[in-house]
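Asks: Quick one: structure below, then a few questions.
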Amino acid sequence: MYLKRLEIFGFKSFADKTVLNFEPGITAVVGPNGCGKSNVFDSIRWVLGEQSAKELRGSAMGDVIFNGTEKKASLGFAEVSLTFSNESKMLPIDYDEVTITRRLFRSGESEYLLNKTPVRLKDIQELLMGTGIGAEAYSLLPQGKVDMVVSAKPEERRMILDEASGITKYKAKKKEALNRLKDTENNLLRVNDITIEVKRQIASIERQAKKASKYKEKFEFLKKQETKYSRCQIKELEDEKSSMDVHVKEVTEKINSLNQELEEASEHLTNEINYLGEVEHKINELNSQGIKLDGQIDLDNRQVGFNQERIENLMQNDRKLKEQKGQLIEKCKIQQEKIEELEQALITLEEAKIHNERSLKEKRDVLAILERLVKEAKDKIKGNEENILSLSAKQANTRNDLTDVMKEMQGYLARKRRLELETEKVLIEKQQVNERLDEVNGQINSLDLEINEFKQIKDSRGEKLRSYEAEFEQLKSTIEDLEKKTLFLKSQKEFIEKLHAQYQDMPDPVVEGRYYASAAPMDHHTGIIGKVKEVNALADDQLQQLKQRFNQSVGNGLEQSLQLYEIVCETKFVELDPQQISLKINEINLQISEYVARRDFVSGQIVEHRELFKEVIYKIQDKEKKHSILESQRNDILAEEQKLQGEMELVCSEIEEVKEFMAETKKNEERISYELETITQDIEWCQNDIHDKREAIASKSKEKENVIVSIAQLETEIAADSDKLTSYKKNQSMFSETLDGWLEDINKIDNEAIGQEDKKSLYEREIEGLERRIEEVRSERESFKNVLNDYIVQKEDIAQRINSSRANMNALELEIDDIKQKVHEKQLKEQEISFSIRAIKDRMSQTYKIDLDAPERDMNTSFSEKDATQCPLIQLEAEIFGKVLEVKELKAEKAFEEVEEQAEQIDMNELALEIEKLRKQCDSFGSVNLVAIEEYEQLKERFEFLTKQQSDLFEAKSQLMSTINKINRSTRQMFMETFTKVSEQFRIYFRMLFGGGEAQLVLLEPDNVLESGIEIIARPPGKKLQSISLLSGGEKTLTAIALIFGVFKVNPSPFCVLDEIDAALDESNVGRFGFLLKDFAKIAQFIVITHNKKTIANANIMYGITMPETGCSRVVSVKFSSEEKQEEVLTAGV
């Protein structure tokens, strides 16, 4: 699979339809700056689904549409199409060619097409998942952001590895499954709550009883009276609200005027603060320039001291040369005297001829020894002079080395001062962070105390609420029992009255007898009701037993009766006196009234305590929310503290490193100084040795001369007078040569003294220049101080004006707050009135299903359902409807007027008492449900349906959990395999690009592989292991290239677009990058936007982007042959 074709129309600077055909290998896109090369990259990224206009170098997405030029009109839409060769079926779609198209219209409408078929962006993203292709994938590296691969956050960096391992589609499925799981759990919670509520309602509805007729009559009358009373209340409240609206409107106008003044003051304050910021910025700039000038003065002073030391050395050398010159002049005088003495000695040669012949042989031996010694001394002098020349050169080099070392030491000192300043800055920031941390911890502790106090209040109020609820349920149960008892007594009373009416005048005789029961009747039981089940005549023996048992009372009865009977019956003790039953009913009704009053009181207490309980819960939630915010702030502060600690450690390590370098440099300085001193001593020794040897030569020469004179005298005496003359001339020539040699040495010394004088003058001029520059820098520093003082005065003046403005604003704010407080109080009062009106209407609506707003709402909503402008028929309907509304409105007004008239005639207190009496009578019926059976059936069907839904949700939740676990296992394995391979390849290519060093990828959370961030550790050769942020721009680029190529080696994307990623690389690194690019072109397709000729040299196809017409890009293509590619690239104008 590879990118086959790119078609652009109306995108940015491509006004005309432009087609770029690509082939496997490397394609270079070149052209001058601003011609539209990066627009090619942006078009590819845009068609793949980029949604950020900022990433496309625009402020809005509409900026990508061609906006026109002076000669060319703007276009209405932009369209880009990417065509892939899919013969390998890498994309899961049954096409050999896949074309992705995106269109954007100026109206804001956008569409995506896949092989000319409209699709969603989600469909395209799912199609490309796992291939390494996408708007945010590692296959697209934008201009200037290649180092963002290594500079990004660890969590963002792992997106590259996710895409490379192919788990992005699985993570998307996992995310979708988690969303479904969350929805399922929420649905399950709702179903559980509804099921419990329905179950409770079923249990409650089963206990309903039939109570309807009397309740309905009383309720209808109560409804009518309540309506009258409510309308009267609403009228009074609305009159009061209208008067308040007028006052609130007046105060609101005053608030608006004060707010306008406050805004003007705020704008003035903002301008002053901005100007203060500019002044502070200028002050900081002047301070930094002053520090630079101080450093320059320090450096020039050191250079002056160094030149003064040089001048001192030259003056010492000059004194030594003068001493040597004086010595040579003295020797020349001596030699001249010797020559004169020789001339005098020639006169006496003849007289000593005989004496000298005897010592001639001895004198010649002495002469040979002296000549050998003089020759050795001269050779030694020559060697010492050569040593002096070499040592002088070495001395100059050593002094240069000493100067370099001193400059290096100066640089280290400056770096040390800078690091110490950074250390102080980091310490200050760390102290500030610690203060913020202490402040946040104090706030957290305070909130913990407040939360605990509110929780205690919550527990106490909850306990009290539960006690009231228990008492309410107990009272409710007691009232129900008493009502049941009242109903029973009423029915018993009716039964007794009917019984008296039916059996009072019956002629049947009263039969006396005895009744035996297992329980005795109570005090209020005056009768027995029974049902005869069986009648048996007693036998004689049974009669005798009765006589014996009951004695005479039974006997008397037996005498009067012929026969006794055993009657088996079911009986019940009852009160036969209706008056007693009525008294009991009245007594129970009094108890019910007391319990009802107590129940109403407890109900009010429950409502009140529930509101207080909710208020406490809201306060606890608010405090916990603030607590979580402070916890988050504390975590951020701790992270910042750790970051500052890292920076502190890094700066300290750099300071230690600088100290080590300074110590090493100090050792070098001492070593070089020692070498310089040694060389100076060697030169002095050589000069002293030369001086000694010359003195020895002079001494030996004197002896030699004496010997030669003696020999000459002897030979003269022996030879003829001509021989004496020849010997005299030879001696004279020898002395002259010696004298000339010494004079030549004197000239050399004079020349050397002149050279040293020139150097001295040069150094003095340099010192004068440095001193003038120091004075200039000092004067410039003083001028900076004056300007700085002016800015400081301006800053203080601005600060005073700011404080004055803030004081005025505070006064205005206080006045506005005071007025707002009054308005708020009025609004609260209006709100209370509105709530009261709303409460009356809601109560009437909820209790009696009466809508007091019905006439008004009918008038407001009727016309929204009709459009009277559609046709004449509808207009006619609207007119008819309007007339109907007018009639309704008149009726409503008339009804309202009647209510007002009735309200004037009705005594509200009497009406309220009557309503209260009616309400109590209705309440005495208890709960009444007229549709209990129908509700029960509906609730039963709903409960069965919810039970089935609950079972389905449990099954769906189990399936989703299984799916998520399966995705986690698969993605964890895939990610770790890819991570290991990419880390190894990253290390290899890092060493290849840097020529050594170490690099690795590290998981920050090894226990949480699927969500862990990825850290990059890199150490270029020759450097200590350091943070990636401390690398240079070129090093970051090379590291990012190594990581990208490592990912490509493990999971190559079908194509890769690189936008000027080689811009930060030097020539050698561009060569390494080109080598890798050429090697990877065998497994992936590369499109490179570049200016570098070495990178272009690796391309198979070159597209040149030009702009013959301003604002419109054109494409020129060149396909290289293998023989001509290098030559074409080198001669192309890019």
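Asks: With respect to THR27, is the statement that it is touching a residue at least 40 places away in the same chain (Cβ under 8 Å) and in contact with an Asp or Glu (Cβ under 9 Å, 6 or more places away or on another chain) true?
Replies: Working: touching a residue at least 40 places away in the same chain (Cβ under 8 Å): yes; in contact with an Asp or Glu (Cβ under 9 Å, 6 or more places away or on another chain): no.
Judged against the criteria, THR27 is not a match.
Asks: A further question follows. Does the range 266-325 hold any residues that are farther than 28 Å from SER804 by Cα, among the polar types (S, T, N, Q) and touching a residue at least 24 places away in the same chain (Cβ under 8 Å), and which are they?
Replies: Once the filter is applied, which keeps residues that are farther than 28 Å from SER804 by Cα, among the polar types (S, T, N, Q) and touching a residue at least 24 places away in the same chain (Cβ under 8 Å), the range 266-325 yields ASN287, GLN289, GLN296, ASN301, GLN303, ASN307, GLN308, ASN317, GLN324.
Asks: Another question, then. Consider GLU752 against the criteria (1) more than 21 Å from MET315 (Cα to Cα); (2) surrounded by 14 or more Cβ atoms within 10 Å (Cβ to Cβ): it satisfies all of them except one. Which criterion is unmet?
Replies: (1)
Asks: Being of a type in the set (D, E, K, R) and touching a residue at least 40 places away in the same chain (Cβ under 8 Å) is the filter here; which residues of the range 958-983 pass it?
Replies: Answer for the range 958-983, where residues must be of a type in the set (D, E, K, R) and touching a residue at least 40 places away in the same chain (Cβ under 8 Å): GLU977, LYS981.
Asks: Please work out which residue is farthest from GLU156 (Cα to Cα), limiting yourself to the range 1012-1023 and to residues that are in contact (Cβ under 8 Å) with a residue 60 or more places away in the chain and surrounded by fewer than 18 Cβ atoms within 10 Å (Cβ to Cβ).
Replies: Taking the candidates together, the pick is GLU1015.
Asks: Looking only at residues that are crowded, with 20+ Cβ neighbours inside 10 Å and of a type in the set (A, V, I, L, M, F, W, C) in the range 100-123, which one is farthest from VAL1047 (Cα to Cα)?
Replies: Checked the range 100-123; the qualifying residue farthest from VAL1047 (Cα to Cα) is LEU104.
Asks: Which of the following residues is farther than 30 Å from GLU50 by Cα and at pLDDT below 70: ARG190, ARG158, ARG207, ARG200?
Replies: Numbers: ARG190 fails: at pLDDT below 70; ARG158 fails: farther than 30 Å from GLU50 by Cα; ARG200 fails: at pLDDT below 70.
Of ARG190, ARG158, ARG207, ARG200, the one residue that is farther than 30 Å from GLU50 by Cα and at pLDDT below 70 is ARG207.
Asks: Going by the structure shown, is ILE1083 surrounded by fewer than 18 Cβ atoms within 10 Å (Cβ to Cβ) and within 18 Å of SER139 (Cα to Cα)?
Replies: For ILE1083, the condition - surrounded by fewer than 18 Cβ atoms within 10 Å (Cβ to Cβ) and within 18 Å of SER139 (Cα to Cα) - is met.
Asks: Another question about this same structure. Might you check whether a residue that is on the phi < 0 side of the Ramachandran plot, surrounded by fewer than 22 Cβ atoms within 10 Å (Cβ to Cβ) and in contact with a Gly (Cβ under 7 Å, 6 or more places away or on another chain) occurs anywhere in the range 56-65?
Replies: Scanning the range 56-65, I find at least one residue that is on the phi < 0 side of the Ramachandran plot, surrounded by fewer than 22 Cβ atoms within 10 Å (Cβ to Cβ) and in contact with a Gly (Cβ under 7 Å, 6 or more places away or on another chain), so the answer is yes.
Asks: Could you please find all residues in the range 1063-1076 being buried (at least 21 other Cβ atoms within 10 Å of the Cβ) and either in a loop (DSSP other than H, G, I, E, B) or not assigned by TED's automatic domain parsing to the domain that holds LEU48 (or both)?
Replies: Passing the criteria: only LEU1065.
Asks: Given the structure, is GLU631 assigned to a helix (DSSP H, G or I), surrounded by 15 or more Cβ atoms within 10 Å (Cβ to Cβ) and touching a helix residue (DSSP H, G or I) at 6+ places or on another chain (Cβ under 8 Å)? Let's see the steps before the verdict.
Replies: Values: assigned to a helix (DSSP H, G or I): yes; surrounded by 15 or more Cβ atoms within 10 Å (Cβ to Cβ): no; touching a helix residue (DSSP H, G or I) at 6+ places or on another chain (Cβ under 8 Å): yes.
Against the criterion (assigned to a helix (DSSP H, G or I), surrounded by 15 or more Cβ atoms within 10 Å (Cβ to Cβ) and touching a helix residue (DSSP H, G or I) at 6+ places or on another chain (Cβ under 8 Å)), GLU631 does not qualify.
Asks: Another one. Restricting to the range 66-80, name every residue that is out of contact with any helix residue (DSSP H, G or I) (no Cβ under 7 Å at 6 or more places or on another chain) and either loosely packed, with under 13 Cβ neighbours inside 10 Å or under 20 Å from LYS122 (Cβ atoms) (or both).
Replies: If the condition is that a residue be out of contact with any helix residue (DSSP H, G or I) (no Cβ under 7 Å at 6 or more places or on another chain) and either loosely packed, with under 13 Cβ neighbours inside 10 Å or under 20 Å from LYS122 (Cβ atoms) (or both), then GLU70, LYS71, ALA73, SER74, GLY76 are the ones that fit.
Asks: Same structure again: Being among the acidic types (Asp, Glu), closer than 30 Å to ARG415 by Cα and in contact with an Asp or Glu (Cβ under 9 Å, 6 or more places away or on another chain) narrows it down to one of GLU640, GLU656, so name that one.
Replies: Answer to the selection: GLU640.
Asks: Hey, could you check the range 292-324 for residues that are more than 15 Å from GLY411 (Cα to Cα) and aliphatic (A, V, I, L, M) and say which is farthest from the chain's Cα centre (by Cα)?
Replies: Applying the filter and picking the extreme gives LEU321.
Asks: Within the range 28-48, does at least one residue satisfy the condition of being within 24 Å of ILE124 (Cα to Cα) and surrounded by fewer than 17 Cβ atoms within 10 Å (Cβ to Cβ)?
Replies: No - not one qualifying residue is present in the range 28-48.
Asks: Restricting the search to the range 77-104, which residues are in contact (Cβ under 8 Å) with a residue 40 or more places away in the chain and in a loop (DSSP other than H, G, I, E, B)?
Replies: Hits for the range 77-104 are ASN86, GLU87, SER88, MET90, LEU91.
Asks: Let me ask you something else. Report every pair of residues separated by at least 6 positions or lying on different chains whose Cβ atoms are under 8 Å apart, first residue within the range 402-415 and assigned to a helix (DSSP H, G or I), second surrounded by fewer than 16 Cβ atoms within 10 Å (Cβ to Cβ) and modelled with pLDDT of 85 or more.
Replies: LEU402/SER673; MET409/LYS666
Asks: Another question about this same structure. Does ALA1042 fit the bill of being surrounded by 23 or more Cβ atoms within 10 Å (Cβ to Cβ), under 32 Å from the mean Cα position of the chain (by Cα) and part of a strand (DSSP E or B)? Even if it seems obvious, please write down each step before you answer.
Replies: Numbers: surrounded by 23 or more Cβ atoms within 10 Å (Cβ to Cβ): yes; under 32 Å from the mean Cα position of the chain (by Cα): yes; part of a strand (DSSP E or B): no.
No; evaluated as a whole, the condition is false for this residue.
Asks: Pick out the one residue from ILE283, ILE311 that is surrounded by 15 or more Cβ atoms within 10 Å (Cβ to Cβ), closer than 30 Å to ARG778 by Cβ and in contact with an Asp or Glu (Cβ under 8 Å, 6 or more places away or on another chain).
Replies: Matching residue, one of ILE283, ILE311: ILE311.
Asks: State all residues of the range 765-795 that are over 16 Å from GLY295 (Cα atoms) and of a type in the set (Asp, Glu); if no residue qualifies, say none.
Replies: The answer is GLU766, GLU768, ASP790.
The values are calculated or read from the model by the stated rules, or taken from the named source; none is laboratory data. Nothing here was measured: the structure is a model prediction, and the numbers come from that model. FYI the Cβ positions are ideal-geometry reconstructions off the backbone, even for glycines, and counts take in every protein chain you see.
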